[in-house]
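One structure is given here, and the rest of the page talks about it.
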Amino acid sequence: MPIDYSAVTKHLAEIDSASIGMNGSFNPAIFQPHWLAAQKLIRPEEAKTAKITTIQPELADFSTEWFQLQVLQNRFLLLSADPRQFSPLRDLAAAIFSLLPHTPITKLGMHRLLHFQMRNKDQWHKLGHILAPKEPWSGILDRPGLLNVSIQGYSSEVPAGTAIIKLQPSTRVEFGVYIEMSEEFGPPSEGEAEEIPWINRHLQAEWDITMKFFEDSASRLLELVEG
């Protein structure tokens, strides 16, 4: 049963999106709504009502009611702003590359983009003070404030990936915090045997774990200013 991600985050986000990104070598012109429908990856009516921004050899960009797909010659991005569709988003990406197993892919990223509204302005400032202490800037800058912070590390829950967490003031929510989290994976070592393509292996084994890790991490950061 698909997980309703909107219901499992302790701190409810005002805006919640997830995306799957890949670096590699792609043929954007392939990625059209009617091609996805012909492969039975989306419904024919979804293909008919898709909003196409452009389909060219250099760029394909279109959206349906529940996802946006943008493909450059070196970049693939599949995004949904509906938490109820995060599992189908993973399934769609896996199905696409099951049909295109020889696509050269050099990096896979699972991403979560969250905007949270803080309780008040003081709480908003407090989080900035905790994550970016102002004392070291005394005598250098007047009224220093957090613009953005980016941390890289490793999660014990997803040992195969590299975790990156970025935090900055939200531009879309008053007294809001924007948290962008990524888990990045590289291709297997040369000669390593694969039962299924490495992209699909990670999507199937680690998508749900990674989404939960992102939710827990966001909650841990927001809890710094509670109490």
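Every number here is computed from the coordinates shown, using simple stated rules; none is lab data. All values derive from a computational prediction rather than experimental measurement. Cβ sites come from the backbone with ideal geometry, for glycine too, and all protein chains shown count toward neighbours.
Observations on the model:
- The protection proxy used here, the mean number of other Cβ atoms lying within 10 Å of each residue, ranks peptides 17-26, 52-61 as follows, highest first: 17-26, 52-61.
- Residue-wise HN-Hα couplings along the range 79-85, as the Karplus relation 6.51 cos²θ - 1.76 cosθ + 1.60 with θ = phi - 60° gives them from phi, are 9, 9, 9, 10, x, 5, 9 Hz; Gly and Pro carry x.
- Table column - 3J(HN,Hα) (Hz), the range 109-120, Karplus curve with 6.51, -1.76, 1.60, x for Gly and Pro: x, 10, 10, 9, 10, 10, 10, 10, 9, 6, 4, 7
- Mean Cα-pair separation over length for the chain, i.e. relative contact order, pairs under 8 Å, 6 or more apart, %: 22
- Counting only alpha carbon atoms, the long axis of helix 198-222 and the longest principal axis of the chain meet at about 20°.
- Springs join every pair of Cα atoms under 10 Å in this Gaussian network model of the chain, and among Asp122, Asp216, Asp82 the largest mean-square fluctuation is at Asp122.
- Principal-axis tilt of helix 121-131 within the chain, Cα atoms, nearest 10 degrees: 80
- Under 5 Å from the amide H of Glu157 lies no amide H of any residue 5 or more positions distant or on a separate chain, with H modelled from the backbone and absent for Pro and chain starts.
- Derived scalar couplings between HN and Hα for the range 169-176 equal x, 6, 9, 10, 10, 5, 6, x Hz in order, rounded to whole Hz, by the Karplus curve 6.51 cos²θ - 1.76 cosθ + 1.60 (θ = phi - 60°), x for Gly and Pro.
- Shown here for the range 39-123: trypsin sites (Lys or Arg not before Pro) in loop regions (DSSP other than H, G, I, E, B) with at most 12 other Cβ atoms within 10 Å, namely Lys40, Arg119.
- Subset of Lys107/Lys134; Lys121/Lys166; Lys48/Lys107; Lys107/Lys212; Lys126/Lys212; Lys134/Lys212 violating a 29 Å alpha-carbon distance limit: Lys107/Lys134; Lys48/Lys107; Lys134/Lys212
- For Lys51, the aspartates and glutamates whose Cα comes closer than 19 Å to its Cα, not counting residues fewer than 8 places off in the same chain, are Asp61, Glu65, Asp82.
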